[in-house]
Amino acid sequence: MSHWIEKSNVYHIYPLGFCGCEQYRSESSEKPVPRIRKVIDWIPHLKQMHFNAVYFGPVFESVKHGYDTIDYMVIDRRLGTNQDFKDVCNALHENGIKVILDGVFNHVGRENPMFMDVRANKQGSRYKDWFCGLNFGGNSSYNDGFWYEGWNNCYDLVKLNLWNDEVVNYLLSAVKMWIEEWDIDGIRFDAADCLRDEFIKRIHGFTRSLKPDFWLMGEIIHGNYSRWANSEMFDCVTNYQCYKGIYSSHNDRNYFEIAHSIEYQMGQYGSIYMYNFLDNHDVPRLASVLRNPEHIECCYTMIYMMYGVPSVYYGSEFGIKGEKGRGENADAPLRPCIDLDMAEENIKLMKHISDLGAIRQCIPAVQTGSYAKMELKNQTFLFKREKDGETVYVALNISDGDYTFRFNTKYSKLADRLSGRQFNVNNGNAEITVPKNTSMVLVDSELQMPHKDEEEMVQPVPEEKTEPTVIPEAKVREDISEEKPVSCVTPAMDKGNGVKGIGVPDGRKPVIGGQYKHFKGGDYVLLNCAKDHETCEEIAVYMSLNGKPDVWVRPMSMFLEDVDDHGNVKPRFELVQ
């Protein structure tokens, strides 16, 4: 049975950082500050980028970073109130976006009321059995007059006793409240390898009884993932094996590493739907670890096209950097406050991720299809995904030059869903040249265009006769699809002048800001590449350099194509500088 996660692209937000909160709760105002409502303002961006699930890091009352929980049923006052978060969840759901919360069930903060009672009453506390390793003959580093077990020797994180049914029932009541109050759709379990199997199984059955399609994901770094991801426990685990493999294989220019990891996982884990990521709140940003920044798009192609659900950490779609520091606040550089103005810093990467998200949402073979390696070299990699007779070819090239993949296919023509280019296939033999440091997602070209006739899809705009269409500045800048990936559009005929478009030569791409000369003599500058809202067809937006600076639009396929001008083949618009 299919699950909503299979069609999901996850956006990971660490709320305390994203919202610019104080480092410590004690530094904040006693009155809640509704910073979490910032997420509502970001919904248009999430939709543009084709993110349809948001995973929130800790949102509950805590001492410092959220993983030191004080109260599982109250939103941290640095973020706002329960009603503020309910409004955020409602807004996300109204826009078709699922909500996933961080469940920190292994430990609590020292200001958790139950632990505070133990600190005050020692052996007389009714909660003395709520925590692990209590020894009232010893002492803690905080001079509590007793010793207790902390997570990973961090004694600001007090380990809960999950063998105690009273503790388990308390946590289940919190989860029930999250589902009933905010209608959440899933939970990510922090430090999942430290949790009791029986506890995970209890939550699995409990959440399914409340919401049959509820999703559970465990944070697992090492080990056999099937140990935790199975029909009784988690649906999914964090794919740290391939996290390392992806950036390392690009840094070493050795695709054998990630190919081995993928094949190992497909063989070992089969149907386990991995949670794939390139960075998160605990590890350096991808842009900080890649030796060659030009490899970043291929990394994102990998996590979107391999088996599992892709996750993008907030701000990384803008290509921002962040390296882990030292000391008490080592993670702060990984968890910054950001705003949407950063979108202007890397429109190209945003568009690439947006297109990948759209592709993944509409092609079942990419969501749950089989995987097979087709060609593998150190710096080039070709694999395919297949389902129900549909095949998708994923080609990656991080070499120093263009590379031609040669392979057999049943399709007579292929189209790259990322660039819009189409390729003829000769007797089942495809030859696809991929430029250096780029990737392609190749499918049957017939899947590329909506079922409309050519005249409806492509309406040429003649330079001489039609009044210019003036595009508002904000619209000119818009180049991220709102709904669907790039469509490949069949070249059209120029009407009534004997000139016929004959297609875009392989390798010809638009140069934003480039100066072009029309084959009839006019000079123009290409301002941007926009998309038609209804068809998602790529549109060239260009301005006349001849007198009045009129702005024009026409299909990008026509702007880039060659034309047959009474027997003379030439570019419709030739790049001159």
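Among the residues here, residue 179 qualifies as in contact (Cβ under 8 Å) with a residue 12 or more places away in the chain, part of a helix (DSSP H, G or I), under 24 Å from residue 92 (Cβ atoms) and touching a helix residue (DSSP H, G or I) at 6+ places or on another chain (Cβ under 6 Å).
Listed conditions (1) assigned to a helix (DSSP H, G or I); (2) closer than 28 Å to residue 382 by Cα; (3) open to solvent by 40 Å² or more (accessible area, probe 1.4 Å) are all met by residue 202, apart from (2).
Of the strands (runs of 3 or more DSSP E) lying entirely inside the stretch 506-577, those containing at least 3 residues that are touching a helix residue (DSSP H, G or I) at 6+ places or on another chain (Cβ under 8 Å), modelled with pLDDT of 85 or more and surrounded by 14 or more Cβ atoms within 10 Å (Cβ to Cβ) span 523-531, 538-544.
Residues 29, 62: which one is farther than 24 Å from residue 95 by Cβ and open to solvent by 50 Å² or more (accessible area, probe 1.4 Å)? Give the derivation first.
Values: 62 fails: open to solvent by 50 Å² or more (accessible area, probe 1.4 Å).
On inspection, the qualifying residue turns out to be 29.
Being in a strand (DSSP E or B), within 20 Å of residue 389 (Cβ to Cβ) and of a type in the set (Gly, Ala, Ser) is the filter here, so list the residues in the stretch 405-448 that pass it. The answer is 415, 430. Yes or no: residue 78 out of contact with any Gly (no Cβ under 9 Å at 6 or more places or on another chain), open to solvent by less than 10 Å² (accessible area, probe 1.4 Å) and charged (D, E, K, R)? Judged against the criteria, residue 78 is a match. The set of residues in the stretch 266-286 being in a helix (DSSP H, G or I) and open to solvent by less than 10 Å² (accessible area, probe 1.4 Å) consists of 286 alone. Out of 411, 371, 403, one residue alone is open to solvent by 10 Å² or more (accessible area, probe 1.4 Å), among the aromatic types (Phe, Trp, Tyr), modelled with pLDDT of 95 or more and under 16 Å from residue 301 (Cα atoms). It is 371.
Within the stretch 103-152, no residue satisfies the criterion of being part of a helix (DSSP H, G or I), open to solvent by 20 Å² or more (accessible area, probe 1.4 Å) and of a type in the set (Phe, Trp, Tyr).
Which of the numbered conditions does residue 258 fail, given that it passes all the others? Conditions: (1) of a type in the set (Val, Ile, Thr); (2) within 28 Å of residue 509 (Cα to Cα); (3) assigned to a helix (DSSP H, G or I). That leaves (2) as the condition not met. Taking the stretch 309-332 as the range and being of a type in the set (D, E, K, R) and modelled with pLDDT under 95 as the test, the residues that pass are 324, 326, 328, 331. Inside the stretch 248-257, residues that are in contact (Cβ under 8 Å) with a residue 24 or more places away in the chain and crowded, with 23+ Cβ neighbours inside 10 Å make up a count of 2. The set of residues in the stretch 384-436 that are charged (D, E, K, R) and under 18 Å from residue 506 (Cα atoms) comprises 402, 406, 413, 416, 417, 421, 431, 436. Annotation: residue 364 fulfils all but one of (1) under 30 Å from residue 270 (Cα atoms); (2) open to solvent by less than 50 Å² (accessible area, probe 1.4 Å); (3) of a type outside the set (Asp, Glu); (4) within 21 Å of the chain's Cα centre (by Cα); the unmet one is (2).
Annotation note: Cβ proximity below 8 Å between a residue of the stretch 554-577 that is farther than 15 Å from residue 508 by Cβ and a residue that is open to solvent by 70 Å² or more (accessible area, probe 1.4 Å) (sequence gap 6+ or interchain) occurs for 564/500; 564/502. The single condition among (1) assigned to a helix (DSSP H, G or I); (2) open to solvent by 50 Å² or more (accessible area, probe 1.4 Å); (3) small (Gly, Ala, Ser) that residue 231 does not satisfy is (1). Restricting attention to the stretch 205-216, the residues being over 16 Å from residue 106 (Cβ atoms), open to solvent by less than 10 Å² (accessible area, probe 1.4 Å) and of a type outside the set (Val, Ile, Thr) number 2.
Conditions tested, residue by residue: (1) within 23 Å of residue 358 (Cβ to Cβ); (2) part of a helix (DSSP H, G or I); (3) open to solvent by 10 Å² or more (accessible area, probe 1.4 Å).
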| residue | (1), (2), (3) |
| --- | --- |
| 288 | no, yes, yes |
| 298 | yes, yes, no |
| 301 | yes, yes, no |
| 304 | yes, yes, no |
| 307 | yes, no, yes |
| 320 | yes, no, yes |
| 323 | no, no, yes |
| 326 | no, no, yes |
| 330 | no, no, yes |
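A residue that is in contact (Cβ under 8 Å) with a residue 12 or more places away in the chain, within 18 Å of residue 160 (Cβ to Cβ) and open to solvent by less than 10 Å² (accessible area, probe 1.4 Å) can be found somewhere in the stretch 217-224.
The values are calculated or read from the model by the stated rules, or taken from the named source; none is laboratory data. It should be emphasised that the depicted structure is a prediction, and the values quoted were computed from it without experimental measurement. Cβ atoms come from the backbone with ideal geometry, glycine included; neighbour counts cover every protein chain shown. The accessibility values were calculated without ligands, DNA or RNA, using every heavy atom of the protein model including side chains. Shrake-Rupley method; radii C 1.70, N 1.55, O 1.52, S 1.80 Å.
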